[in-house]
Structures are given as structure tokens and as C-alpha cells.
1. Among the polar types (S, T, N, Q), over 29 Å from B:N124 (Cβ atoms), open to solvent by 40 Å² or more (accessible area, probe 1.4 Å) and touching a Leu at 6+ places or on another chain (Cβ under 8 Å): does that describe B:T279?
2. How many of the residues making up segment A:134-146 are surrounded by 24 or more Cβ atoms within 10 Å (Cβ to Cβ) and more than 8 Å from every other protein chain (Cβ to nearest Cβ)?
3. When residues of segment B:294-307 are filtered for being facing chain A (nearest Cβ under 7 Å), in a helix (DSSP H, G or I) and modelled with pLDDT under 90, how many remain?
4. Which of the residues that make up segment A:257-282 are at the interface with another protein chain (Cβ under 7 Å from one of its Cβ atoms), more than 19 Å from the chain's Cα centre (by Cα) and open to solvent by less than 10 Å² (accessible area, probe 1.4 Å)?
5. Quick one: which helices (runs of 4 or more DSSP H) lie wholly within segment B:1-106 and hold at least 1 residues that are open to solvent by 30 Å² or more (accessible area, probe 1.4 Å) and modelled with pLDDT of 85 or more?
6. If B:S219 satisfies every condition in (1) of a type in the set (S, T, N, Q); (2) in contact with a Leu (Cβ under 7 Å, 6 or more places away or on another chain); (3) over 19 Å from B:V145 (Cα atoms) but one, which is the exception?
7. Does A:L165 satisfy being within 24 Å of B:L18 (Cα to Cα) and either of a type in the set (V, I, T) or at pLDDT below 90 (or both)?
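The values are calculated or read from the model by the stated rules, or taken from the named source; none is laboratory data. On a predicted model such as this, the values are computed, not experimentally measured, just so you know. Quick reminder, even Gly has a Cβ in these numbers, built from the backbone with ideal geometry, and neighbours come from all protein chains shown. Remember, those area values only see protein heavy atoms, side chains included, never the ligands or the DNA or RNA. Shrake-Rupley method; radii C 1.70, N 1.55, O 1.52, S 1.80 Å.
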Amino acid sequence: MTAGTARESLTLERARVRKERTPFVQGIIDLRRNKVAMAGVIVFVGWLVIAILAPVIAPYDPVEQDLSHRLEPPSSTHWFGTDDLGRDIFSRVLYGSRISVPSGLIVVAASLLIGGLLGALAGFIGGWLDAIVMRAADVVLSFPSLILALSIAAARGGGGLSNALIAIVIVLWPEYARVMRGAVLALKSNEYVTAAQPIGATRWRILRAHILPGTQAPLVVKSTLDVGGAIVLTAGLSFIGLGAVPPDPEWGAMIALARSKFQFWWPGAFPALAMISVVLALNFIGDGLRDALDPRMRKR
Amino acid sequence: MSAFIVRRILLSLLALLLVTVVTFTLTRSVPGDPINAVVSDRIDDPAVIENYRRKFGLDKPLPMQYLYYMRNLARGDMGLSISTSQPVAKDLRRHLPATLELSGAAIIFAILTGLPLGTLAALNYNKAPDALARGVALFGASVPVFYLALLFIYIFSVRLGWFPTGGRLDAGVDPPPFKTGMYTVDALLAGDFALFRQALHHLVMPAVVLGAFSMGIVSRMVRSSLLEVMGQDYIRTARAKGLAESKVVSVHAMRNAIIPAITVIGLLIGSLLAGAVLTETTFAWPGLGRYAVTAATKLDFPAVIGVTLVSATIYIVVNLVVDILYSVIDPRIRQT
């Protein structure tokens, strides 16, 4: 073989490698064949659209009171009925998606960023940093999540959605740190990683180019499943009066209003159904992603 | 064996120590004067406040303050609560039994329903009962416990009138003589069966609501571990020697399948205590969770932090007990 053809085949080889999809991208593509997961995607995207278009779709102002039409059951004028202040529940549920859905996304994104970064550094650098980060994670995890979130929100001065969201991030980051650290540790001892060092890759490059891409799958699955959990947790804090403040149409706060009016089913049922549909959709997507991204599942 | 248990106990003590560091940090992050974290700001007797300022060393540097905090904790002093104007420790003791009764009943419900459901699912892998179990678990995991509580009240109290909407006993009824603080147990101990029935009648709905999520987890766990065990050689041997399938499952498979499910119960305690906050609030159940919520909305920090500390302690201790039990049942675990 001459030097020329060798070079040529090397270029061809590179081209082929570049064209080949990473397992992660392949997994996302495989997801399209999973009907349940796609149903989840449709519902979730639907909610995103509703959140964006709420002012256009909603027939009424979500905070406008109409005291002559209090607690009316669902009808053709008020599809989901009215609450104890005569507000239109359908409009409030639509507007609620603008609070609940972004809350879940923001909380999980922040937890992923903080926990992922700390976990990656803990696993990659090890030593005292690892010890400190993981002990901190352990101690947060030894509190029941809602109770710790409740006391953080209270210590930050009580009600208010931002206090609730900060509290939930403090409660959630350790799980991401653990998953990330585990993934980094598992990848760190691979030969292709140890081989990168003698050929001159810096530690930062090893972490960024050789280790972090391999941690995508578990973190993406976990975050997807957690957005639903974060929405429920935020709603839980609002339900007990430590999250969204009235008259904001947050789903948990809407259900809380129904607490004193439990003879009427509609003020609580519709925000709850909205929340359940989002949570189920995210569960379906998360489960689908897990099946698609786990190579052991793919072989079957 | 004992080395494992000693190490596990030491680790739990370390965790408890770190938990107090967190609660101490929380007491120092409350808005305004740190005295607010030990004496609520609505208690304005200067003598009481001065007494607590001295007792908690609030004029000393931070590390010293922590030592004072620990000393007071060791004496069972967590400050004064506004909601009741009582020492927090006393309030917690009064509310804890109600939460223990509710969580205990929820766990029992979760096991009594989750175990057969998971078994049924595993034995009918990918058939209708399996799908049913999956649906129940998914339902338990996706319906928020606070809405489930309202739904149950609407259906079973308002529409059907089968159960009371809340509380531990009917209005105006005196609780049984105090032994454990759990009304069902105390009523039985006092031999008062009518009162026992009434306490149980009040307990059923909150316990089912609180246990619904755990039931789903238990059934999934039992299903997957039973499926794994059923594929093993000794099960094939048991079948080959002509044992009835019921015997293979109940005697041979169940014993090994149940072990991993036990650890899950320890972890479920955390979600039960968190769920109790919402369940108790909805059912007007006077336990720790409802106490914490009332306290939090009134910014009664000593009480909130007290509940936080106690619930973390319960969580750590229960998991310690579960781990020790696990190591007794499954000797392999001790080597790791």
C-alpha cells in the first residue's frame, strides 16, 4: 500500500466516523418509534403552546372576579366552572401553565447545572473536593424533601414563588451530583480516557471532550422524569401557602382554594387534571428516553 | 456482622451531626435578629427573650453559638413556639404520635396492597394483571397526594358519607387515656372498642391517601425482584421435583424476592413524612406536618426547624434499622 492510498483511506474513515450518529442522537431518533413516548411529547408540547398562547386562547381574565357568578358548575359560558370568587377556572388553568410548567423546567435546569457541575468535579478531581461535595449531598438527602423545602422557604421569609423555587433547587441538586459523579467515575477509568492524557490532552479537555458526552444519557432521562416531580413539589408548597401568592393562577394554589370548598368538585379537579397530564406526559417521555438511550435495552 | 453494624451506626451519627449543622444554619439564616429562630418574634417579654439570648449564646461568635445550640438540643430545648407559646420540644412530643400513627397505617396499607399486586403482576408478566399493577403504580406516582386527599373527601365523605372529612375523632369526643398517643392503640389498650372503631374510621382515608404512592413503589419493587428470582435455577429445580406452583412461589421465590423490597420501605419513610405534611393539612390531622405548615405560614421558625430536625432524625434512624435488619436477613450485604 502506498502512502497516498493509506492517507486516502484514513480520510474516508474519518468521513465515515463523522457521519455515524452518536448513541445519544440515535436514541433520540429511536424515541420517535415509541408511541407512548410520542403521546407524551405531543401533550407536553401542547402545554408549552398553551402556556405561550394563554392570553390569546383564554376566554376570560384569570384574575377578574365576578361575585355574582361564584362557584358555578361547568357550563357553556364557563367550561370548567367558576371558583369561589367567580373567576373563570378554564382561563386560570390555561394561565396556570405559564407558572407551573416553566417552574418545573427552571428548577430542574438549575439543579442539573449546579448538581451536575459539582458532581462532575467531585468525580473527576476526587480527594477532599469529592468528600465535601458528597457529604453535603448526603446530608441534604437525609431530610424529607418537602419538609426541608418548607423550612428553607420559611427561613427565606415565607410565601413567594421564587422562595419556593430556590428551596426546591437546594433540595434537588444532590441527586444530580450523585448521578453525575457516578457517571464520571465509571467513564474515568476507561482506556480511551487514560490514553488521552499521554497524548497531551489537558484535564479540562479530557473532562469536556471525553467524559462529559458520555454522561448525557442518564442525566437527560433523570431531568425529564424530574420536571414532573418539580412541578408537583412546587404545587405542594403553593398548596400549603409557601409558593405562588394569590391571586396568581398557579395549579397548586388553585387546588388549595378548593380545600375549603370540598363540596364542589370542579375548582380542584381541573387544575389537578392539568397537572396530572403534564406529569404523566413527562413520565412517558422519560421512560421512553430511558429505553432508547440504554444500550442494553436497544439490543432486544 | 457486628463490625458492619458499628460502622453503620457511626455513619448515622455523623449524618445526624451534619443534620444539626444544617438546622443550625437555617436558624442563622432567618430574616432579622437570630433570636427569631429560637423565640418567635411575637413573644415580647424582654425577660424571656434575654433568657433565651443567653441560653443560645447569641452574643458569642458563631462556632460557640453552634456548641450552645447542641447543648440545648441535648437538653431537649428547641426554643419557644409562637403558635402555642409552648416549648417546641413539648409541642413536637404532642404532635408526633398522630404522625406516627398515620404513617404507620399508610405503610401497612402500602404493604398489604402493594405486595399482592406486585406478586400478581410478576406471575402474570405482560398480561392484564401486570398492566393493572403498572396503571395503579403510575396513578399513585402522578396524582399529587394533596389532590388525591381532596378527591377522596369529595367522593367518600361528601357524596357517599362513608368517612368523616377529617380529624382523629368525632367532634367533642375525648381521646383515650394517654399511653402511646396513637388513638387506635390507646383505645385498644383501654379496652374501649367503640372508641377504637371511631379512631380507625377516621384513620382509614388519610392512611390510604398517604400510602397510595408507596403502594405503587412497593408493587413495582416486588414485581421486579420476583421476576428476577423466578428465572433462577433453584426455582426450576423446585418445579422439576414436582412442587405445586403455589408452593414454589410462596415458599421458594417469595423469601428471596422480599429482601430487596425491605430496603425500599426504609427509603419510603422520607416520602411518607413529606406526604404527611400535605395529607395532614388536608384532613385536619393534628400531626407534625400540620404543625409545621401552621408554623411556617406564621413564620414560627423554632417550630419549623424543630419539625425539620425531628423528621430528618426519624428518616436516618429508620434507615439505620432497615439496613441492620437487611444485613441480618441477607448476610451477603455485610461484606460490601
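1. Spelling it out, it is not the case that B:T279 is among the polar types (S, T, N, Q), over 29 Å from B:N124 (Cβ atoms), open to solvent by 40 Å² or more (accessible area, probe 1.4 Å) and touching a Leu at 6+ places or on another chain (Cβ under 8 Å).
2. Final tally of qualifying residues: 0.
3. 5
4. A:A258, A:G268
5. B:2-28, B:62-74
6. For B:S219, the failing item is (3).
7. no
Conditions tested, residue by residue: (1) touching a Lys or Arg at 6+ places or on another chain (Cβ under 8 Å); (2) charged (D, E, K, R); (3) outside any helix (DSSP H, G or I).
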site: A:L118; (1), (2), (3): no, no, no
site: A:S151; (1), (2), (3): no, no, no
site: A:G157; (1), (2), (3): no, no, yes
site: A:I166; (1), (2), (3): yes, no, no
site: A:W173; (1), (2), (3): no, no, no
site: A:A177; (1), (2), (3): no, no, no
site: A:V193; (1), (2), (3): no, no, no
